[in-house]
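What follows is one structure encoded as structure tokens, with my remarks underneath.
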Amino acid sequence: MTYLCVPIFVQDLAQARRDVALAAEAGADLVELRIDDVTDGELVGQLVSQSTLPVIVTCRPTWEGGRCGLSEEERFELLKKAEKAAYVDLELRSSLWGKIEQLGENHPRMIVSFHDFSGRPEKMYNVLGELNSTPAEIAKIVWTARTLRDNLEAFEILQNRQKPTIALCMGEAGMLSRVLAKKFGAFLTFASLSNPSATAPGQVTIEQMKGIYRWDAIGADTKVYGVVGSPIQHSMSPAIHNAAFSKVGIDAVYLPLLVNEGYESFKAFMESFLAMRGMDLSGLSITIPHKENALRYLTEKAGQIEPLAQSIGAVNTIRIDRTGDGEPKLHGINTDYAAILDSITAPLGIKREDLAGRRVAVIGAGGTGRTAVAALAHYGATVVVYNRTRERAQLLADEFNGKTGKVVSAEMDKLCGTCCDIFIHTTSIGMHPNAEASVFDGRMPKLSGDSLVFDAVYNPMQTKLLTLAKQAGARTVGGVEMFLRQAAGQFDFWTGQPAPVEIMRQVIEQRLTR
Ligand SMILES: NC(=O)c1ccc[n+]([C@@H]2O[C@H](COP(=O)([O-])OP(=O)(O)OC[C@H]3O[C@@H](n4cnc5c(N)ncnc54)[C@H](OP(=O)(O)O)[C@@H]3O)[C@@H](O)[C@H]2O)c1
């Protein structure tokens, strides 16, 4: 069993009791009472005896990254008052180890801890050896992750543990070590009560741990999925995919995976995670800035790549199958293009093939614009690309013109005189927090009941562009439709099961209307 522990910085008895009650209500197994700021020994005794959850008492000195400035002798006097605690945490570098017996015959179980806030401990394996050779029942090592690969080392420490062990990484890149601690058999992981109360950077709240990251369902065989990108902190994908796994009853967890820009970073991430024993990495969503890197990596590794993803030049979904001898076999697709196509063909009640000869305006020539143009050209549509930077629109037109359909470029200001009746907007104009803007401002095209306007922007859900189009009588489709369809496409591809679209839609809409 891996305990879920909430750290609580003690200010006074009332606050600590309230926080313990909140932790219990949220489903914590343990609390860590951080008594760094406490000097009154009686208070320590009261805190422990009044706690409704088993307690770890920690009085972290300043020289180990804590706030306690007391001498070792004074600290010991405080810790003696924690005799009824389940556990006491004492730093490896403390001079108090020789006095542990004085804590009483039935003294709390000891956790021996080592922290490095600057990065990976230089002599990691010496430190581990020392942690294992103290009389403490539990070893704890924590350091600041520089990249996702630090988490793998934490998992290896857990896999090779000689006693119950806590191995965690701090910082955004270390979040993985906290959520997957249970999969790798850690003694405990920490989750904060709320963000401001987090005692270590990168800590996940207990609400997120249980509600988003499926804490109760995680086990040794849980498959790992995630979204690779930078930045990635605000991605909605973990909430959507975890809710979908949960709904369908699949033993899997989906995580944000922060991988720095550049092919080498992407490759290093893939190689290390694919090689990690027991990781069960099974599928990835790929987002900015790694979609091209994913295609290149799959090409290098002779992975199977869907032809349209190849012609778009971007892979947004990877599935990892394992052959009999455990070798990973990679498959890459692009669910963005299908999401864009289906977002327009479904409301028009037509098949993709019926797009042949239809006149479509694609507004924007960035990543999403490019995907739209490639997909439409593939199905034979006649596409006009409008973009602020005309040269970029022209390059895109040159690349896809004549592949099946016809693609030309035009000045953005010519939009008002367009001959198209399907509009796909892919610029960031009108996106939160600039929701008052619209690409139609000053260049409103003639719309009718036969027109369809699709806006890739999904935040806000109802953009000004959609409002203007609706007022002019056109049919409209918002960016949520694309977001939902690309995510559902990924789920189908990974699991072979139809995605639970309604729960996924609910999660997206809930997050966007918060
Ligand atoms: N619904 C979904 O699932 C989904 C998925 C992906 C993206 N999106 C949305 O699609 C939009 C574009 O994303 P992306 O990844 O394609 O971005 P991108 O590659 O950076 O492309 C941005 C595009 O917007 C244009 N642009 C940016 N600011 C502009 C301005 N002030 N005036 C005129 N044009 C401007 C750029 O024109 P220049 O070439 O002149 O710079 C370019 O064409 C975003 O709103 C994003 O949220 C939605």
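The numbers here are math on the coordinates, done by the rules we state, and not lab data. Everything numeric here is computed off the predicted structure, so don't read it as measured data. Note that each Cβ is placed from the backbone with ideal geometry, even for glycine, and that neighbours are counted across all protein chains shown.
Nothing charged except the Cβ atoms of Lys and Arg (+1) and of Asp and Glu (-1): what's the magnitude of the dipole of the range 3-220 about its Cα centre? Round to the nearest 20 debye.
I would put it at about 660 debye.
Give me a comma-separated list of calculated 3J(HN,Hα) values for the range 23-34, in order, Karplus coefficients 6.51, -1.76, 1.60 applied at θ = phi - 60°, integers in Hz, x for any Gly or Pro.
5, 5, 5, 7, x, 5, 8, 8, 10, 9, 8, 8
What is the sum of charges around Ala375, taking Lys and Arg as +1, Asp and Glu as -1, for the other residues whose C-beta is under 9 Å from the C-beta of Ala375?
That works out to 0.
Run the reach check for Lys291 against lysines, Cα to Cα strictly under 16 Å, same-chain hits fewer than 8 apart removed. What comes back?
Of all the lysines, those that pass the test against Lys291 - Cα under 16 Å, at least 8 places apart if same chain - are Lys267, Lys301.
Within straight cross-link reach of Lys329, meaning Cα distance under 16 Å, which aspartates and glutamates are found once same-chain residues fewer than 8 apart are removed?
Result set, ordered by chain and number: Glu271, Asp280, Glu300, Glu306, Asp321.
Across the range 3-220, how many lysine pairs separated by 8 or more positions, or lying on different chains, have Cα atoms within less than 22 Å?
Counting lysine pairs in the range 3-220 gives 16.
Extension gain Gln310-Lys123, at 0.36 nm per residue separation less the Cα-Cα distance, in nm?
62.8 nm
Which whole-number percentage describes the relative contact order of the range 155-277, with Cα contacts under 8 Å and a sequence gap of 6 or more?
20 percent.
What FRET efficiency comes out for Leu395 versus Ala346 if R0 is 35 angstrom and r is the Cβ-Cβ distance? Round to the nearest 0.05.
The computed FRET efficiency comes out at 0.70.
Report, ordered by chain and residue number, the aspartates and glutamates lying within cross-link reach of Lys247, taken as a straight Cα distance under 13 Å and ignoring same-chain residues fewer than 8 apart.
Glu502
Please go through the range 298-372 and write out the trypsin sites (Lys or Arg not before Pro) that DSSP classes as loop and that have at most 11 other C-beta atoms within 10 Å.
Answer by residue number: Lys351.
Can you grab the distance from the C-alpha centre of the range 40-89 to the C-alpha centre of the range 243-269, Å, no decimals?
After rounding, the separation between the Cα centres reads 38 Å.
Tabulate in residue order the Karplus-calculated ³J(HN,Hα) for the range 271-286, using 6.51 cos²θ - 1.76 cosθ + 1.60 with θ = phi - 60°, rounded to whole Hz; enter x for Gly and Pro.
4, 6, 6, 5, 7, 5, 5, x, 6, 6, 5, 10, x, 9, 9, 10
How much length is gained if the chain between Ala14 and Glu42 is pulled fully straight, taking 0.36 nm per residue apart and subtracting their Cα-Cα distance, in nm to one decimal?
8.7 nm
Taking the Cα centre as origin and putting +1 on Lys and Arg beta-carbons and -1 on Asp and Glu beta-carbons, what dipole magnitude results for the chain, to the nearest 20 debye?
That gives the chain a dipole magnitude of about 1460 debye.
Expressed as a rounded percentage, what relative contact order does the range 344-477 have, with Cα pairs under 8 Å and six or more residues apart?
22 percent
For the Cα atoms of the chain, what angle does the longest principal axis make with the long axis of helix 149-159, in degrees from 0 to 90, nearest 10?
Rounded to the nearest ten degrees, it is 50.
For Met444 and Asn260, what is the calculated FRET efficiency with R₀ set at 51 Å and r taken between the beta-carbons, to the nearest 0.05?
Result of the calculation: an efficiency of 0.75.
Compute the signed sum of charges (Lys and Arg +1, Asp and Glu -1) over the other residues within less than 12 Å, Cβ to Cβ, of Glu300.
+2
State the antiparallel share, in %, of DSSP beta bridges confined to the chain, rounding to the nearest 5.
Bridges in the chain that DSSP calls antiparallel: roughly 10 percent.
Which trypsin sites (Lys or Arg not before Pro) in the range 88-154 pass both tests, a DSSP loop state and at most 16 other beta-carbon atoms within 10 Å?
Answer in residue order: Arg93, Lys123, Arg146.
Let me have the relative contact order for the range 263-387, percent, based on Cα pairs under 8 Å that are six or more residues apart.
Computed value for the range 263-387: 19 percent relative contact order.
Summing +1 for each Lys or Arg and -1 for each Asp or Glu, what net charge is found among the other residues whose Cβ lies under 10 Å from the Cβ of Ser177?
Net of charged neighbours comes to -1.
At Glu509 and Arg388, where each label point lies 7 Å from the Cα along Cα→Cβ, what is the point-to-point distance in nanometres?
Each label point is offset 7 Å from its Cα along the Cβ direction, giving 3.2 nm.
Which of the trypsin sites (Lys or Arg not before Pro) found in the range 1-72 are loop residues per DSSP with 16 or fewer other Cβ atoms within 10 Å of their Cβ?
Arg67
Please list 3J(HN,Hα) in residue order for the range 390-397, calculated via the Karplus relation 6.51 cos²θ - 1.76 cosθ + 1.60 where θ = phi - 60°; whole Hz, with x for glycine and proline.
With the stated coefficients, the range 390-397 comes to 4, 4, 5, 5, 5, 4, 5, 4 Hz.
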